[in-house]
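Just below is one structure, and these are the notes that go with it.
The values are calculated or read from the model by the stated rules, or taken from the named source; none is laboratory data. Keep in mind the model is a prediction, meaning the values are calculated, not measured. Positions of Cβ are generated from backbone atoms using ideal geometry, with glycine treated the same way; all protein chains shown enter the neighbour counts.
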Amino acid sequence: MLEDIEYKLESVQATSIASDKIDERFRSTCIDLISGTLGGKVLGFSDEWFAEANNLVTPTAPIRQPGKMVYTGAWYDGWETRRHNQEPFDWVVIRLGVASGTVEGVEVDTAFFSGNHAPAISVEGCFSQDDDEVLSWKGSKGKWETILDARECGPSQRFGWRLDAPTSKQYTHVRLNMYPDGGIARFRLFGHAVPVFPEDKEAVFDLSAAQNGAVAVSCSDQHFGTKDNLVLPGRGKDMGDGWETARSRTKGHVDWAIIRLGAPALIQSFIVDTAYFRGNFPQKAKLDAIEWKNQSDPGADAEGWTEVVEPSKCGPDQEHAFGCLVQDRPFTHVKLTIIPDGGVKRLRVLAKRHV
């Protein structure tokens, strides 16, 4: 298959990641730079006859509805183009949900596409402030640079690749190429946001936002909703896009999540948002912070955590504002502890950047 592809790209060294290891490999250190909830947006595509390209950036896992038929045929939760493409490939152009980003890995999920799946893909990137110019290249080379050269796919499976050398260049747009046509359920671009910080050193802004480089690195539990939602923009659309843990049955139980801030911070205040959590909000919330200089991220029991918000009562479906007890020391990580369990939509860490 690969040898028949006419559109040749620069060779990139990348390691295949097993389907069941993709989340473990990327979710604790990276964000999905093109996630729809982060603001990733499909700008254009070659074709979407059978299923919409916008489905590629849906943050939740793809679903199946056997027997559901629409005008174009069977319904699919993904992007599917017509048969017999006469061009070298079908394509989708996506603008990242952050100002720009560097890339560590790629995931393509062909869930439920079997017999109509994408045989192969590649990924290209560019840095541009002009969406119209990027779209004008369509299926041509333009100013695209190789992120991942052509890789084979298969039916109904998650495919992941880790770049042996993460990109040093930052990108604003990516193009997913599918050879020659077919269907893909989800596309993930794992990497790191390269934020644009305010020039004013006294400016207070959210350094726990994914757009500003923050990552939710670990948590005690995420049974109903992932920790990664804590650093997303906005207040979400329902209970499903927050962080929610299982019900605890043990006396003295607490749950926790650790956020690596986008830059060392002089924290001024916090917002713990329980939007949409009306019968399952935590009874109390507590916040600790640490300045961590090791290469790996701190664990929940690491030495050096400092309490910056004492256990404080929470309520349903509201933003809770808490002042920071320590504002004159820099911190790199924040630990949110909920007592005893429950759901939190977003965490905001309002801070000055420590330069």
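Taking (1) surrounded by 21 or more Cβ atoms within 10 Å (Cβ to Cβ); (2) free of Cβ contacts under 8 Å to residues at least 24 places away in the same chain in turn, TRP243 satisfies each apart from (2).
Just one of (1) exposed (fewer than 15 other Cβ atoms within 10 Å of the Cβ); (2) part of a loop (DSSP other than H, G, I, E, B); (3) modelled with pLDDT of 95 or more fails for GLU6. It is (3).
Considering the conditions (1) touching a Gly at 6+ places or on another chain (Cβ under 7 Å); (2) buried (at least 20 other Cβ atoms within 10 Å of the Cβ); (3) at positive phi, ILE94 is excluded by exactly one of them, (3). Looking across segment 247-259, the residues that are of a type outside the set (Ser, Thr, Tyr) and either within 15 Å of PHE281 (Cβ to Cβ) or touching a Lys or Arg at 6+ places or on another chain (Cβ under 6 Å) (or both) come down to ARG247, VAL254, ASP255, TRP256, ALA257, ILE258. Of the residues making up segment 39-74, those that are within 20 Å of GLY182 (Cβ to Cβ), among the aliphatic types (A, V, I, L, M) and under 22 Å from the mean Cα position of the chain (by Cα) are VAL42, ALA53, LEU56, VAL57, ALA61, ILE63.
The set of residues in segment 64-78 that are under 27 Å from VAL231 (Cα atoms) and either surrounded by fewer than 11 Cβ atoms within 10 Å (Cβ to Cβ) or in contact with a Leu (Cβ under 9 Å, 6 or more places away or on another chain) (or both) contains only GLY78.
Exactly one residue among PRO316, PRO298, PRO282, PRO340 is over 26 Å from the mean Cα position of the chain (by Cα), buried (at least 17 other Cβ atoms within 10 Å of the Cβ) and at pLDDT 95 or above, and that residue is PRO340. Picking from residues in segment 97-125 that are β-branched (Val, Ile, Thr) and surrounded by 23 or more Cβ atoms within 10 Å (Cβ to Cβ), the one that is nearest to ARG25 (Cα to Cα) is VAL106. Among the residues examined, ALA111 qualifies as out of contact with any helix residue (DSSP H, G or I) (no Cβ under 9 Å at 6 or more places or on another chain) and among the aliphatic types (A, V, I, L, M).
When LYS251, LYS286, LYS293, LYS237 are checked against the criterion of being part of a strand (DSSP E or B) and of a type in the set (Lys, Arg), LYS286 stands alone in meeting it.
Would you confirm whether any residue within segment 206-222 is under 14 Å from the mean Cα position of the chain (by Cα), surrounded by fewer than 21 Cβ atoms within 10 Å (Cβ to Cβ) and not aromatic (Phe, Trp, Tyr)? Within segment 206-222, one or more residues are under 14 Å from the mean Cα position of the chain (by Cα), surrounded by fewer than 21 Cβ atoms within 10 Å (Cβ to Cβ) and not aromatic (Phe, Trp, Tyr).
Right, LEU347: in the same structural domain as GLY279 (by TED's automatic domain parsing), in contact with an Asp or Glu (Cβ under 8 Å, 6 or more places away or on another chain) and either surrounded by 23 or more Cβ atoms within 10 Å (Cβ to Cβ) or not in a strand (DSSP E or B) (or both) or not? The answer is yes for LEU347.
Pairs are defined by a Cβ separation below 8 Å, a sequence spacing of at least 6 or placement on different chains, a first member in segment 210-238 that is not assigned by TED's automatic domain parsing to the domain that holds ALA275 and at pLDDT 95 or above, and a second member that is crowded, with 22+ Cβ neighbours inside 10 Å and among the small types (Gly, Ala, Ser); no pair meets this definition.
Listed here are the residues, each with its yes/no results for (1) among the acidic types (Asp, Glu); (2) more than 22 Å from ARG329 (Cα to Cα); (3) in contact (Cβ under 8 Å) with a residue 60 or more places away in the chain.
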| position | (1), (2), (3) |
| --- | --- |
| ASN280 | no, yes, yes |
| GLN283 | no, yes, no |
| LEU287 | no, no, no |
| GLN318 | no, yes, no |
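If you go through segment 74-113 and keep only what is farther than 21 Å from PHE159 by Cα, out of contact with any Lys or Arg (no Cβ under 8 Å at 6 or more places or on another chain) and among the aliphatic types (A, V, I, L, M), you end up with VAL98, ALA99. Every test in (1) among the basic types (Lys, Arg); (2) under 23 Å from the mean Cα position of the chain (by Cα); (3) under 27 Å from LYS169 (Cα atoms) is passed by LYS8 save one, and that test is (2).
One residue stands out in segment 144-166 among those that are surrounded by 14 or more Cβ atoms within 10 Å (Cβ to Cβ) and charged (D, E, K, R): the one that is nearest to ILE94 (Cα to Cα), namely GLU145. Taking segment 167-192 as the range and being hydroxyl-bearing (Ser, Thr, Tyr) and either outside any loop (DSSP other than H, G, I, E, B) or surrounded by fewer than 16 Cβ atoms within 10 Å (Cβ to Cβ) (or both) as the test, the residues that pass are SER168, TYR171, TYR179.
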